[in-house]
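A short write-up of the structure that comes next.
Derivation of every value follows stated rules applied to the coordinates shown; laboratory data play no part. Just so we're clear, the structure is a prediction, and the values are computed from it rather than from any experiment. No Cβ is skipped: glycine too gets one built from the backbone with ideal geometry, and neighbour counts run over all protein chains shown.
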Amino acid sequence: MLSKAVRIDRHGGPEELKVVEVEVGEPGPGEIRIRHKAVGLNFIDTYQRTGLYPFQMPLQLGMEASGIVEAVGEGVTHLKAGDRAAYASQPPGAYCELRVMPAKCVCRLPDDISFETGAAMMLKGLTTQYLLKKTLPAEGLQPGDFVLFHAAAGGVGLIACQWAKALGLQLIGTAGSDAKCKLALAHGAAHAINYSTENFAARVKEITGGKGVKVVYDSVGKDTFEGSVDSLRPFGLLAIFGNGSGPVPPVNLGLLASKGSLYVTRPTLFTHIATRESTQAMADDLFAVVQSGAVTIPIEQRYALADVQQAHRDLEARKTTGCTILTL
């Protein structure tokens, strides 16, 4: 059977994204075939398109989606044909109507969570889960603690603002405009800093009474690294989980000693969801916090699959807030 899909034949700009027809067959052992209802757009998609994260060509992009399971392969027991499902998963390939893919990272989507929400929340929500629950400073996090979260008005950021508040944390969010700062505050950030007009590290010290934060969650990378280090208290943790401004250049590790015995980590979601069990446990946590109402998934942009080039342009130009989906 045929499916429309978005593919690139070489790394490059948004103009390389082409809508093509691909043949989709039957699922093999450990696989499912899923017909998508909505597809999530993420910054990691641009890294794969540009070659920052290189892949063999041709490459079908996309890391998360929701839909209905059409068929399951041998050995798949947690899903069956007709199930509503959602996923964030390797390998890429979600930008399509229909695909065959590994089943281990695909989860049943609760009936009270819509397909659009399911498509928008899996990669960003599971990322927030492993950051706030698993990527923790040496002294841990307790209610009342300050954390710094860059790009707080983005898809991960707005989920993190809400989830941190639910955990009793005081999230200091940064964003590139006053409007985005207001959006972060409206979603639960305790403080918001416009890093295009303010020195965020100085403001963090001011907010925390000169102490700094226990942890910085940084998806911006190169442009925020120095300020992130300066925002930490002794024994603090810098978790760099993205490269929105480019990768962090080589660092003299002696800097970590001079700034207070700091820790730095570069985690990725796909290590955390490497097994069926860990994926389901994290998804259950995400589903529960969404079903409780403590976290809502803000879908601020919708694009047709045919408009994927414009979606990538807007994402890279920082014109988007919250979550973005491709509709089918």
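Please identify, among 212, 236, 82, the residue showing maximal mean-square fluctuation in a Gaussian network model of the chain using a 10 angstrom Cα cutoff.
Checking each option, the largest mean-square fluctuation is seen for 82.
Only counting other Cβ atoms within 10 Å, I'd like 121, 1 sorted with the fewest neighbours first.
Going from least to most buried by this count: 1, 121.
May I ask you to work out the translational diffusion coefficient for the chain at 10 °C, viscosity 1.306 mPa s, via Stokes-Einstein with Rh from the Kirkwood sum over Cα pairs, reported in whole µm²/s? Mind showing how you got there, number by number?
Details: Rh = 20.2 Å.
D, rounded to a whole number, is 79 µm²/s.
With a 10 Å radius around each residue's Cβ, average the other Cβ atoms per peptide and rank 145-151, 251-257, 198-204, highest first.
Details: 145-151: 26.4, 251-257: 10.9, 198-204: 18.4.
By packing density, highest mean first, the sequence is 145-151, 198-204, 251-257.
Could you bin all the Cα-Cα distances of segment 138-266 into 10 Å bins starting at 0 and give me the percent of pairs in each, rounded to whole numbers?
14, 49, 33, 4
Suppose every Lys and Arg Cβ carries +1 and every Asp and Glu Cβ carries -1, with no other charges. What dipole size does the chain come out with about its Cα centre, to the nearest 20 debye?
Numbers: 32 positive and 32 negative charges, 107 e Å.
For the chain, the charge dipole is close to 520 debye.
For the chain, what is the mean residue ellipticity at 222 nm derived from helices alone (per DSSP H run of n ≥ 4: -39500 (n - 2.57); sum divided by total residues; nearest 500 deg cm²/dmol)? Provide the component values of the computation, followed by the final result.
Numbers: 10 runs with 97 residues, N = 328.
After summing the helix terms and dividing by residue count, I get -8500 deg cm²/dmol.
Among the trypsin sites (Lys or Arg not before Pro) within segment 1-66, which fall in a DSSP loop and have no more than 12 other Cβ atoms within 10 Å of their own Cβ?
Details: sites: 4, 7, 10, 18, 33, 35, 37, 49; in loops: 10.
Here the trypsin sites (Lys or Arg not before Pro) that fit, given the DSSP loop and packing criteria, are 10.
Pick from 62, 176, 125: which residue has the top mean-square fluctuation in a GNM of the chain where Cα pairs under 10 Å get a spring?
Of the options given, 176 has the highest mean-square fluctuation.
Where Rh denotes the Kirkwood radius from the mean inverse Cα pair distance, what is Rg over Rh for segment 102-167? Don't skip to the answer; put the middle values down first.
On the way: Rg = 13.7 Å, Rh = 13.4 Å.
Across segment 102-167, the Cα-based Rg/Rh ratio is 1.02.
Would you mind ranking 9, 223 so that the residue whose beta carbon has the fewest other beta carbons within 10 Å leads the list? Don't skip to the answer; put the middle values down first.
Working: 9 11, 223 15.
Ranked by crowding around the Cβ, least crowded first: 9, 223.
If R0 is 25 Å, what FRET efficiency do you get for residue 245 and residue 294 from their C-beta distance, rounded to 0.05?
Details: r = 31 Å, r/R0 = 1.23.
It comes to 0.25.
Mind scanning 182/214; 104/211; 80/214; 214/319; 165/222 and naming the pairs with a C-alpha gap bigger than 32 Å? It would help to have the intermediate numbers written out before the result.
Details: 182/214 24 Å; 104/211 43 Å; 80/214 44 Å; 214/319 30 Å; 165/222 27 Å.
Violating the 32 Å Cα-Cα cut-off are 104/211; 80/214.
Using the Cα centre of the chain as origin and beta-carbon charges of +1 (Lys, Arg) and -1 (Asp, Glu), tell me which of 118, 11, 292 is placed farthest towards the positive end of the dipole.
My answer, from the dipole projection, is 292.
Starting from the exponent 0.38 and prefactor 2.2 Å, build the expected Rg for segment 1-159 from its residue count and divide its actual Cα Rg by it.
Values: Rg = 17.1 Å, N = 159, 2.2 N^0.38 = 15.1 Å.
Taking the Cα Rg and dividing by 2.2 N^0.38 Å, one obtains 1.14.
Taking the chain as a Gaussian network, where each spring joins two C-alpha atoms under 10 Å apart, which residue of 60, 162, 301 fluctuates the most?
Answer for the Gaussian network model of the chain: 301.
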